[in-house]
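Here is the structure we will look at, set down as structure tokens.
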Amino acid sequence: GVYDVLGNDNMYGHQGIFAIADISSDVIDASPQASFIDQGFSNFTFNSANPTLNGFYQDSYVLINRANAVIENVDASEIDEAVKNNVIGQAKFIRSLTYFNLVRVFGPVPLKASETKSLTNLNLSRSTETEIYELIIEDLIDANSRLSDIQVDGGKATGFAVKSLLGKVYLTLGSYEEAFAFLNQIIGQF
């Protein structure tokens with residue numbers, strides 16, 4: 001259920017983070033025939049009414065809530081300990097990846113590290129970027145201890161994916177020695 005949301009158009013499907021991050025940079029430029037939405041990213045004329053941006057924000061919190069549910073509930077289940085570690089590690093990787101993209105696009109966002117079980121008290125204030133990055137790093141460090149570097153069943157989070165994301169997070173924060181420590185564990189492995 002957690003991986004299912006990743007393929008949504010607003011996440012990593014048709015538009016999503018690629019349109020938001022890449023078209024809004026000098027990586028790609030929207031062609032003159034591109035949709036009005038893509039042109040908005042290319043020209044920096046988008047706002048909160050943009051369906052891709054709005055959908056990305058909403059789907060990110062659906063994804064985070066599903067990851068939170070897995071993290072909270074799998075540990076209490078009676079499945080094999082190695083399977084628990086793998087599943088929790090993957091959920092923490094996905095939650096951290098989602099928060100990493102959210103904080104880079106929107107800056108301070110609400111931080112929700114537990115499953116939403118009620119429709120009350122849903123109006124959360126924004127957390128600081130520092131608090132968000134602390135959870136991202138905490139999740140990735142924990143996921144790194146739970147996941148093997150290579151998974152047999154492809155398409156799932158691995159230790160190498162965790163190390164790569166940790167390196168990117170540390171580079172974003174300007175912590176170059178920490179970034180090197182994790183990225184150096186990947187260099188030459190393939």
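The values are calculated or read from the model by the stated rules, or taken from the named source; none is laboratory data. In this text the structure is predicted, and so the values were computed from the model without any measurement. Ideal geometry is used to build each Cβ from the backbone, glycine not excepted, and the neighbour counts take in all protein chains shown. Ligands, DNA and RNA are stripped out before the accessible areas are found, and what is left, the full protein with its side chains, is counted by its heavy atoms. Shrake-Rupley method; radii C 1.70, N 1.55, O 1.52, S 1.80 Å.
With Kirkwood's inverse mean 1/r over C-alpha pairs for Rh, give me the Rg to Rh ratio of the stretch 138-179, two decimals please.
1.03
For the pair V74/Y57, report the inter-label distance in nm, with labels modelled 7 Å from Cα in the Cβ direction.
Once both label points are built, they end up 3.0 nm from each other.
So, taking all protein chains as they sit and a 1.4 Å probe, how much accessible area belongs to E81, in Å² rounded to tens?
Here the residue's solvent-accessible area equals roughly 100 Å².
Probe radius 1.4 Å, ligands and nucleic acids ignored: give me the carbon and sulfur share of the accessible area of the chain as a rounded percent.
Using a 1.4 Å probe with all protein chains present, the chain comes out at 53 percent carbon and sulfur.
Compute the signed sum of charges (Lys and Arg +1, Asp and Glu -1) over the other residues within less than 9 Å, Cβ to Cβ, of I88.
In short, +1.
Quantify how much of the Cα-Cα distance distribution of the stretch 118-190 extends past 16 Å, in percent.
Counting every Cα pair in the stretch 118-190, those more than 16 Å apart make up 57 percent.
Which of the peptides 49-58, 87-96 is most tightly packed, and how do the rest follow, going by the mean number of other Cβ atoms within 10 Å of each residue?
Going by the mean number of other Cβ atoms within 10 Å, highest first, we get 87-96, 49-58.
With point charges of +1 on the Cβ of Lys and Arg and -1 on the Cβ of Asp and Glu, referenced to the Cα centre of the stretch 117-163, which listed residue (L147, I136, L124) lies farthest in the positive direction of the dipole?
Sorting the options by dipole projection puts first L124.
Membrane-span-like helices in the chain: DSSP H runs reaching 20 Å or more (Cα, own axis), mean Kyte hydropathy at least 1.0?
Details: long enough: 51-74 (34 Å, 0.02); 81-106 (37 Å, 0.30); 129-146 (25 Å, -0.24); 159-173 (21 Å, 1.12).
The answer, listed by residue number, is 159-173.
Take K117, project a point 7 Å from its Cα along the Cβ direction, then tell me which residues of the stretch 51-95 have their backbone nitrogen under 14 Å from it.
68-77
What value, in deg cm²/dmol to 500, does the helix sum -39500 (n - 2.57) over DSSP H runs of n ≥ 4 give at 222 nm once divided by the residues of the chain?
The helix contribution divided over the chain gives -18000 deg cm²/dmol.
So what is log10(I(q)/I(0)) for the chain at q = 0.13, 0.14 1/Å, when the Debye sum runs over its Cα atoms only?
For the chain at q = 0.13, 0.14 Å⁻¹, log10 I(q)/I(0) is -0.75, -0.86.
Could you list, in their original order, any pairs among K84/K117; K84/K156; K112/K156 whose Cα atoms are separated by more than 19 Å?
Over 19 Å apart, Cα to Cα: K84/K117; K112/K156.
Excluding V162 itself, what net charge comes from residues whose Cβ is under 13 Å from its Cβ, given Lys and Arg +1 and Asp and Glu -1?
Net charge in that neighbourhood comes out at +2.
To the nearest 10 Å², what's S145's accessible area with a 1.4 Å probe?
Roll a 1.4 Å probe over it and S145 shows about 90 Å².
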